[in-house]
1. Since Arg134 meets every condition but one in (1) in contact with a strand residue (DSSP E or B) (Cβ under 7 Å, 6 or more places away or on another chain); (2) surrounded by fewer than 17 Cβ atoms within 10 Å (Cβ to Cβ), which condition does it not meet?
2. Could you count how many residues in the range 108-131 are charged (D, E, K, R), more than 27 Å from Leu174 (Cβ to Cβ) and either touching a Leu at 6+ places or on another chain (Cβ under 8 Å) or open to solvent by 40 Å² or more (accessible area, probe 1.4 Å) (or both)?
3. Could you tell me whether the range 171-193 includes any residue that is modelled with pLDDT of 95 or more, closer than 19 Å to Leu116 by Cβ and surrounded by fewer than 17 Cβ atoms within 10 Å (Cβ to Cβ)?
4. Which pairs turn up if I take residues in the range 94-108 that are assigned to a loop (DSSP other than H, G, I, E, B) and look for partners that are open to solvent by 80 Å² or more (accessible area, probe 1.4 Å) and within 15 Å of the ligand (Cβ to nearest atom) with beta carbon separation below 8 Å, at least 6 apart in sequence or on another chain?
5. What's the total number of residues in the range 46-87 that are closer than 18 Å to Lys124 by Cα and part of a loop (DSSP other than H, G, I, E, B)?
6. Looking at Ile138, Ile127, which one is touching a Cys at 6+ places or on another chain (Cβ under 9 Å), over 18 Å from Met193 (Cβ atoms) and free of Cβ contacts under 8 Å to residues at least 60 places away in the same chain?
7. Looking at this structure, is Ala157 within 12 Å of the ligand (Cβ to nearest atom) and surrounded by 15 or more Cβ atoms within 10 Å (Cβ to Cβ)?
8. Suppose we keep only residues that are among the hydrophobic types (A, V, I, L, M, F, W, C) and assigned to a helix (DSSP H, G or I) within the range 28-45. Which one would you say is nearest to Ile89 (Cα to Cα)?
Amino acid sequence: MKLLEGKTVLITGASRGIGRGIALVFARHGADVAFTYRSSEEQALALEKALQAEGVKAKAYRSDAADFEQSQQLVQEVLKEFGRLDVLINNAGITKDNLLLRMSEQDFDDVIRVNLKSVFNMTKAVIRPMMKQRAGSIINISSVVGIRGNAGQANYAASKAGIIGFSKSVAQELGSRNIRCNVVAPGFIETEMTAALDEKVLDEWKAQIPLRRTGKPADVANACLFLASDLSDYITGQVLTVDGGMLM
Ligand code: NAP
């Protein structure tokens, strides 16, 4: 059964990793997919083709989610091209890890801007069209680190915790308009973001995971699929961890 037939989704940061995984699963479920990237043009265009091969409409947009003006313009362009917008997935994110003693102001500001301010920029841009449609699902990608913190990631943890407070507020403000807003908090997912970690750190993480394996982008994508589809019609303001049981 295709769960997203007739729906248009917009995903930020889908040229690789989790965003790419979400785009592929959503296209297989019949969604038309607009997605953004910041610099990986070749990968973005390859994904655009792969999505179109699933028989859906798909388009890649170069757009910096941390930039307010670009985000407003992006949503206008997507609406013009696709005619409607049912689901927004705020996935774009970066890390600039360091112990607080060594963390620069720039590294703090950059991570907050790309990970948290972007969620404000994009959500602000979609709520008017979603209010007009009297329906919408907004899914924000946080992290288990936003819930429990992590040494060496104070900037990242703050941005990901901020997403949770923001999302619950949006869920309360817009519930009466039938706009839902939920958070997915992945644990350890194999992407370029985690590829830099050494074997020892990886083994330490795995030892804390009851399911004894790291996650794949498709694991996160399937949780997003549920929250994007009408199957989750009565669910809003929730944080769904996708972490192999690490945080229970
Ligand atoms: P990734 O492999 O590094 O991919 C990040 C994506 O975001 C890329 O497509 C990148 O585009 C895009 N991006 C970065 N900055 C952007 C900006 N300013 N505007 C638009 N797009 C931008 O990361 P990932 O592991 O898939 O992570 C995706 C999300 O999941 C992030 O929010 C991350 O914090 C969260 N998360 C990941 C894990 C994990 O274990 N991997 C765990 C918990 C949460 P370019 O390719 O063009 O740079």
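1. Failing condition for Arg134: (1).
2. Number satisfying all stated conditions: 1.
3. Yes, the range 171-193 contains a residue that is modelled with pLDDT of 95 or more, closer than 19 Å to Leu116 by Cβ and surrounded by fewer than 17 Cβ atoms within 10 Å (Cβ to Cβ).
4. If the second residue must be open to solvent by 80 Å² or more (accessible area, probe 1.4 Å) and within 15 Å of the ligand (Cβ to nearest atom), the pairs left are Thr95/Met193.
5. Here the count works out to 8.
6. Exactly one of Ile138, Ile127 is touching a Cys at 6+ places or on another chain (Cβ under 9 Å), over 18 Å from Met193 (Cβ atoms) and free of Cβ contacts under 8 Å to residues at least 60 places away in the same chain, namely Ile138.
7. Considered against the rule, which asks whether it is within 12 Å of the ligand (Cβ to nearest atom) and surrounded by 15 or more Cβ atoms within 10 Å (Cβ to Cβ), Ala157 comes out as yes.
8. Ala44
The values are calculated or read from the model by the stated rules, or taken from the named source; none is laboratory data. All values derive from a computational prediction rather than experimental measurement. Note that we place each Cβ from the backbone using ideal geometry, even for glycine, and neighbour counts take in every protein chain shown. Areas reflect the complete protein model, heavy atoms only, side chains present, ligands, DNA and RNA absent. Shrake-Rupley method; radii C 1.70, N 1.55, O 1.52, S 1.80 Å.
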